[in-house]
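Trainee: What follows is a structure written as structure tokens; I'll ask about it next.
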Amino acid sequence: MSERPRPLAAPLRGVNLPNPLGRRALVIGAGSFGTAVAVLLARGGFRTTLQTRTVEQAELLRAAGENERYLSGVPLPSNLRIESIEAGPGKAEFIFLGVPSAQLGEAVDRLERQGLDKRTKVVSLSKGLVPPLGVPPTVLLAERFGTQRVACIGGPAHAREMVTQGAGLVASSADEELAATIAAVFLRAGVVCEHTDDPVGVELAGAAKNAAALAAGATEGQGLNAAGAAAGHIFIEVWRLAERLGAQPATFIGLAGTGDLVATALAPQSRNRRAGELLAAGVPTNEIPGRIGQAVEAFESVPLLASALQRHGISAPVTTGLVRLIGGTLPLDEWVALVRTTVPPPASWRAGGGQEPGPLRRWWHRMLERLGLRRPAGALGAGPDGNGAATLGDGTASAGEPSRAADVDGDAVPEPAALEPPAAAAPSD
């Protein structure tokens, strides 16, 4: 008989946090991640309720003392209340929506019918996009409740490991106080959680990593280089969309982006990676969720990502090809050939025209300074933004027209904007 997982020690040593006891949290959705979040919230001091789809499911969880179907072997805390969604939101101050993104609108409608308090904060746990337009979940939630009541959770967080060993969560909201409050309760539960004010960036990074993991899983059998290229192509294509919508570079290069991508791509139990492997093995798309036992959000989010990329005029041949692979209209060998031969438009890091460099450029500048390839800002010979004479690539700097590259159909496409978004850039419609 295998040893039962042991809970994490909490809180983290050296972290002085306010006591959240008495605050009420409701987690809707008793899948693996929703259950894990409910366990951590209860450990962190919230008066937590976990709601299931049916009364029968709630009775099963209470009787077993664990979620045998989705998170077996992890005991449910004695202070975690279990009930069905028919009970409504009650007096919850925080509601965590652990439902698939395609069901988010339905969940919100039900909460409003059940009398959701106008002060209740609503937190999305989804790493997908909301149909039909493919908007990030917090965009939909903000339209219904306002930006100051809405947040999301991202980062590398496999459910079982999260409750037994830890995770690297990211809580994000336009309301920094809300994001900090959510991060604090996870810290009290013994799980590292940073907080940011870039929810759209966190959600698009999560959608990108799901798509990238699916692509890598589908391509891995043809070689690790191909798998890495597939994931990298999709990640940069989605980053260009995130940049267009005002996301921060630090989000994609941090826990919510590359951290989550690496965790998902390496995990043999990852639903999206496994779905990609089954897709490559010739299993029809409509049979894969049944084999895995849970929904595969990438199957729904990838077409939505491709649609959003097209709507914003962003060339995304690999993401578009993945849609065709999922739909069965692109054979695997042609998909791999597309991945191996696609050359993305060149990325240009231009001088900021006197503007303060963004976080990605500042990090790159520090690296060049440490390597002796760039003078520190203010040193003799440094330019007004501290660029000095350091160059990248072939050592040339372009100040002329934007370069152009050919997409997979041979059409010229404009070079994407620099990785640092312009100051106060308005989201594109």
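Trainee: Among the lysines, which fall within straight-line cross-link reach of K127, defined as a Cα-Cα distance under 24 Å, with same-chain neighbours fewer than 8 residues apart omitted?
Mentor: Correct list for K127: K209.
Trainee: How big is the charge dipole of region 24-197 about its Cα centre, in debye rounded to the nearest 20, if each Lys and Arg gets +1 on its Cβ and each Asp and Glu gets -1 on its Cβ? Could you put the intermediate results ahead of the total?
Mentor: On the way: 18 positive and 18 negative charges, 58 e Å.
About 280 debye.
Trainee: Something else about it: Round to a whole angstrom and tell me the spacing of the C-alpha centers of region 222-274 and region 54-94.
Mentor: Each part reduced to its Cα centre gives a spacing of 32 Å.
Trainee: In region 204-265, what GluC sites (Glu not before Pro) fall in a loop by DSSP, with at most 14 other Cβ atoms inside 10 Å?
Mentor: For GluC sites (Glu not before Pro) across region 204-265 that sit outside H, G, I, E and B with at most 14 neighbouring Cβ atoms in 10 Å, the list is empty.
Trainee: Determine the gain in length on full extension of the stretch E334-T147; use 0.36 nm per residue of separation and subtract their C-alpha separation, reporting nm with one decimal.
Mentor: Stretched fully, the E334-T147 segment lengthens by 63.0 nm.
Trainee: If you don't mind, there's one more thing I want to ask. With equal scatterers on the alpha carbons only and no solvent term, can you work out the Debye log10 of I(q)/I(0) for region 24-197 at 0.10, 0.15 1/Å?
Mentor: One equal scatterer on each Cα of region 24-197 leads to -0.33, -0.78.
Trainee: E86 to Q294: FRET efficiency via 1/(1 + (r/R0)^6), r the Cβ-Cβ distance, R0 22 Å, to the nearest 0.05?
Mentor: 0.45
Trainee: Can you spot the lysines whose alpha carbon is less than 17 Å from K118's alpha carbon? Ignore those fewer than 8 places along the same chain.
Mentor: Leaving aside lysines fewer than 8 places away in the same chain, those within reach of K118 are K91.
Trainee: On a full-extension model of 0.36 nm per residue, what is the gain between E68 and E176, subtracting their alpha-carbon distance, rounded to one decimal in nm?
Mentor: 35.3 nm
Trainee: Also, quick follow-up: Give me the extension gain from H312 to L266: residue separation times 0.36 nm, minus the current Cα-Cα distance, reported in nm with one decimal.
Mentor: Numbers: separation 46, 0.36 × 46 = 16.56 nm, distance 3.14 nm.
Extra length available between H312 and L266 comes to 13.4 nm.
FYI, it's all coordinate maths here, none of it is from the lab. Computed from a predicted structure; not experimentally measured. Here Cβ is always computed from backbone atoms with ideal geometry, including for glycine, and neighbour counts include all displayed protein chains.
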